[in-house]
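Engineer: Okay, here's the structure, questions in a sec.
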Amino acid sequence: MAEWNGVVGWFLSSCDPLNFFDRIKKNKAAIHSVRLDECFAHFDCDRDTFLNPDEFELLMKALFKKKGIPYDLTEKQLFDFQQLLIENRDGKLGFEEFKNCWSPWIKQIVDPVSALVIVDVQNDFISGSLSIERCPAGQDGRVIVPVINDLIENVDFDVIVYSLDWHPEDHISFIDNIHLRPLHSSSKVNAEEACCYDRVVFDGPSPVQQVLWPRHCVQGTWGSQLHPHLKVASNAIYIKKGISPDIDSYSAFWDNQKLSSTELQSKLCDANVTDVYVCGLAYDICVGKFVYIRGIQLNFMKDLI
């Protein structure tokens, strides 16, 4: 250990590994020019092509700091990080393992790109045909508008996205369209007895379970428009979902059967987005259960507002 401390002391004084990421953060161009092999070599103090536990700790301290001071990571926290990254469990992080975590993890920490995804803040969900105020929770959807406006005005998001329910007239989710499609024999509710919010099963090559909703967010109508008091950012991205008549889409990423995707994932990837902040209506369906969870599955860092 004394020999190791001497190596670390020399390394700290000569190339200052704890400030490695601080230096490149100050120069955005440098972040993209630094190669992963250069970064790996920077922390491989003894040049044995592995990061041993002490070298790994240097890497963690360089990554996780507040106001220039490394967090005091416990041995268990360091061990847990190692277990996540080291595939062969030999206690040393090899170059191939380092490469696997470079883009999806290290570069996300060093050079985060943020996106605010605003889900379905549309007239019909606030004061129209499917107002959440008339749902069991009885909440007033208008209260989120000033909160979102404050985020748009005061937080420097790199990308802002608005998702919108954008249904055709003959959409499968509308209760008044129930007679347009045959029900499957497994449906516990028939067309004559069906009510709003019932779950039915439509027939087809693959039977489709569907909750029946009041007609809402029909393309081009007042109900489909963003709430008039919601601020609209310049250069925003708009994602329209539920546009196919025969399948619903709660998520801004995929339809409910995951047969087709929207442009959201590709738009976020094209902008090199790493961190996604999600807000809007309504938490229990489109926001939390489908957009937020799906974003985690796609390896975006997610925060639910």
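Engineer: Rank G223, A194, L180 by how far each Cα sits towards the positive end of the charge dipole of the stretch 173-281 (+1 on Lys, Arg Cβ; -1 on Asp, Glu Cβ) and give me just the farthest.
Structural biologist: G223
Engineer: Tell me, what ³J(HN,Hα) does each residue in the stretch 257-262 have, in order and in whole Hz, if you take phi through Karplus 6.51 cos²θ - 1.76 cosθ + 1.60 with θ = phi - 60° and put x for Gly and Pro?
Structural biologist: The phi angles translate into 9, 6, 8, 9, 10, 7 Hz.
Engineer: Once phi is turned into θ = phi - 60°, what whole-Hz ³J(HN,Hα) does the Karplus curve with 6.51, -1.76 and 1.60 give for every residue of the stretch 69-86, x standing for Gly and Pro?
Structural biologist: Calculated HN-Hα couplings, in order: 9, x, 5, 7, 6, 7, 4, 5, 4, 5, 4, 4, 4, 4, 5, 6, 9, 8 Hz.
Engineer: Antiparallel DSSP bridges in the stretch 131-281: what percent, to the nearest 5?
Structural biologist: Around 45 percent antiparallel, to the nearest 5.
Engineer: Taking K and R as +1 and D and E as -1, what net charge do the other residues with C-beta under 10 Å from the C-beta of F98 add up to?
Structural biologist: -3
Engineer: To continue, here is another question. Quick one: which residues, 5+ away or cross-chain, put their amide H under 5 Å from the amide H of S249? H built at 1.01 Å from N.
Structural biologist: G242, N256
Engineer: Next question. From the phi angles alone, apply the Karplus equation (6.51, -1.76, 1.60; θ = phi - 60°) to the stretch 100-106 and give each ³J(HN,Hα) in whole Hz, x where the residue is Gly or Pro.
Structural biologist: 5, 9, 5, 6, x, 9, 5
Engineer: Under a crude label model (7 Å from the Cα following the beta-carbon direction), how far is K67 from D90 in nanometres?
Structural biologist: That separation, rounded to one decimal, is 4.2 nm.
Engineer: Let me ask another. How would the stretch 102-154 be classified by its alpha-carbon gyration tensor: rounded, prolate or oblate, with rounded meaning a/c under 1.5 and the a/b versus b/c comparison settling the rest?
Structural biologist: Note, shape of the stretch 102-154 comes out prolate.
Engineer: Hey, could you pull the Cα Rg and Dmax for the stretch 120-218, both in Å?
Structural biologist: Reported Rg and Dmax, both Å: 17.2, 53.
Engineer: While we're on this one: Contour minus end-to-end for V232 and T49, with contour as 0.36 nm per residue of separation and end-to-end as the Cα-Cα distance?
Structural biologist: 60.8 nm
Engineer: Next question. Report the local net charge at L212: Lys and Arg +1, Asp and Glu -1, summed over other residues whose C-beta lies under 11 Å from its C-beta.
Structural biologist: My count for the surroundings of L212 gives -1.
Engineer: How far is it, in nm, from the label point at K99 to the one at R134 when both lie 7 Å from their Cα along the line to the Cβ?
Structural biologist: 5.9 nm
Coordinate-derived values only; no laboratory data. It should be emphasised that the depicted structure is a prediction, and the values quoted were computed from it without experimental measurement. Every residue, glycine among them, receives a Cβ derived from its backbone with ideal geometry; neighbour counts consider all protein chains shown.
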